[in-house]
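Report on the following structure.
Every number in this text was worked out from the coordinates using simple rules, so none of it is lab data. Owing to the predicted nature of the structure, the values given are computational and were not obtained by experimental measurement. Neighbour counts run over all protein chains shown; Cβ positions are idealised from the backbone, glycine included.
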Amino acid sequence: MTSLNASSGRVPGLSAAYLSELFSLDGRTALVTGGSSGIGRGIAGALARAGASVVIVARREPELAATVDELTADGCRAAWVSGDLSTRDGVRTVAERAAEVYGEPDVLVNCAGINLRPPMDELDEAVWDTTMSVNLEAPYLLGRRFGPGMAERGFGRIIHITSQQAHRAFVRSGAYGVSKGALESLARSQAEAWSPHGVTCNTLVPGFVMTPLNTRLSSDPEKVAALAARTMIGRNGLAEDFAGAAVFLASRASGYVTGQAIFVDGGFSVH
Ligand SMILES: NC(=O)c1ccc[n+]([C@@H]2O[C@H](COP(=O)([O-])OP(=O)(O)OC[C@H]3O[C@@H](n4cnc5c(N)ncnc54)[C@H](OP(=O)(O)O)[C@@H]3O)[C@@H](O)[C@H]2O)c1
């Protein structure tokens with residue numbers, strides 16, 4: 001004889017309440033550098049749609065305004081601040097102006113990045129300095145500006161966007177790969193410092209993503225197909241592929257995840 005012991009039905013709204021408790025960003029404020037293009041734009045949209053008030057930062061105003069217009073048309077709370085993250089003064093100015101909009105951020109996403117790719121023999125000090133300034137020093141300075149406040153308030157999320165080139169050389173990694181490797185180390189140092197106070201610090205690691213950053217490669221169909229074949233999923237990344245991981249890392253759900261590099265690369269790194 002078999003017996004059946006199943007509950008008769010689900011309480012309406014139970015899953016929505018549960019998911020909201022884990023992942024909702026209602027009431028949170030977020031600052032997303034590089035939020036006007038590519039991966040950063042995808043992440044800014046995800047955080048805003050999950051409930052955060054989002055300030056995006058980059059240099060070009062038309063792209064910033066277009067991104068914010070799209071988000072506000074969708075009912076999100078978003079604003080932009082234009083500034084240059086390649087100088088220390090630029091970073092400091094941007095940080096203060098961004099914090100004025102919705103208050104001190106609960107979530108900091110460092111996504112602005114450049115990849116200049118000269119051959120190693122021609123990699124001069126100017127390329128080295130600019131790469132380190134935008135890709136590494138700006139995240140460090142923004143972390144220093146906002147991390148201690150997050151720790152004092154007992155909640156914070158710092159998310160850096162690194163690269164598979166933090167782990168391997170790939171098409172003239174040059175200074176770029178060095179900056180991304182150091183950024184992963186920065187995340188671990190920040191995690192060590194601030195995790196005891198509720199501030200988790202992690203990195204998202206893209207593989208090859210079709211964005212304006214790599215127009216040269218992504219406009220060559222043969223190279224695009226060859227790179228897609230190196231993934232396990234069978235296609236290259238899209239900006240929207242980062243939405244779920246970014247919301248997870250920004251939310252309460254990831255409170256016990258810190259100092260980690262999370263690969264969002266379709267299996268590229270393990271194939
Ligand atoms: N696409 C890929 O395959 C790939 C792979 C691995 C890692 N990543 C990383 O993912 C991040 C986003 O890349 P993406 O492909 O989305 O690039 P993208 O489309 O070129 O976007 C880069 C963003 O950074 C901003 N930015 C660049 N320099 C800046 C500066 N000096 N000051 C302020 N903002 C600046 C850009 O805006 P403005 O130009 O208007 O300033 C733009 O919003 C980068 O950190 C990149 O290294 C990308």
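Could you derive backbone 3J(HN,Hα) for region 132-149 from the dihedral phi with the Karplus parameters 6.51, -1.76 and 1.60 (θ = phi - 60°), listing whole Hz in sequence and x where the residue is Gly or Pro?
Rounded to whole hertz, the list is 5, 4, 6, 7, 10, 6, 4, x, 5, 5, 5, x, 5, 6, 9, x, x, x.
Size of the dipole of the chain about the Cα centre, Lys and Arg at +1 and Asp and Glu at -1 on the beta carbon, nothing else charged, in debye to 20?
560
Quick query: amide H of L25 versus all other amide H atoms, modeled in the peptide plane; which residues come in under 5 Å with a sequence gap of 5 or more or a different chain?
Long-range HN contacts for L25: G51, A52.
Going by amide H atoms built from the backbone, whose H comes under 5 Å of the H on G237, apart from near neighbours?
Amide H neighbours of G237, under 5 Å, 5+ apart: F208, V209, M210.
Kindly express, to the nearest 10 degrees and within the range 0 to 90, the angle between helix 88-102's C-alpha long axis and the longest C-alpha principal axis of the chain.
That helix lies at roughly 20 degrees to the long axis.
Convert each backbone phi in region 64-77 into a coupling constant with the Karplus relation 6.51 cos²θ - 1.76 cosθ + 1.60 (shift: θ = phi - 60°), then list the ³J(HN,Hα) values in order as whole Hz, x for Gly and Pro.
3J(HN,Hα) across region 64-77, in whole Hz: 4, 5, 4, 5, 5, 4, 4, 5, 5, 4, 7, x, 8, 9.
GNM on the chain, C-alpha springs below 10 Å: top fluctuator among F170, F146, F248?
F170
Based on the Cα coordinates of region 25-270, what is the per residue volume of their convex hull in Å³?
Spread over its residues, the Cα hull of region 25-270 gives 118 Å³ apiece.
For H160, list long-range residues whose amide hydrogen, built 1.01 Å from N in the peptide plane, is under 5 Å from its own amide hydrogen.
Amide H to amide H, under 5 Å and 5 or more residues apart or across chains, H160 pairs with N110, N202, T203, L204.
Can you tell which of A58, A250, A99 shows the greatest fluctuation in a Gaussian network model of the chain with Cα springs below 10 Å?
A99
Specify the inter-centroid distance of region 13-46 and region 53-124, based on alpha-carbon positions, in whole Å.
Value for the Cα centre distance between the two parts: 16 Å.
Rounded to two decimal places and with Rh computed the Kirkwood way over Cα pairs, what is Rg over Rh for region 131-271?
Taking Rg over the Kirkwood Rh, I get 1.00.
For helix 221-230, report the angle its Cα long axis makes with the longest principal axis of the Cα atoms of the chain; keep it between 0 and 90° and round to the nearest 10°.
The angle comes out near 50 degrees.
In degrees from 0 to 90, rounded to the nearest 10, what is the angle of the helix 14-23 Cα long axis to the longest principal axis of the chain?
The helix 14-23 is inclined about 30 degrees to the chain.
Under a GNM of the chain (C-alpha, springs under 10 Å), which listed residue has the highest mean-square fluctuation: G34, G147, G103?
Comparing G34, G147, G103 in a Gaussian network model of the chain, the most mobile one is G103.
Equivalent ellipsoid semi-axes for region 44-86, as square roots of 5 times the alpha carbon gyration tensor eigenvalues: give them largest first, rounded to whole Å.
Taking √(5λ) for each eigenvalue gives 19, 11, 6 Å, largest first.
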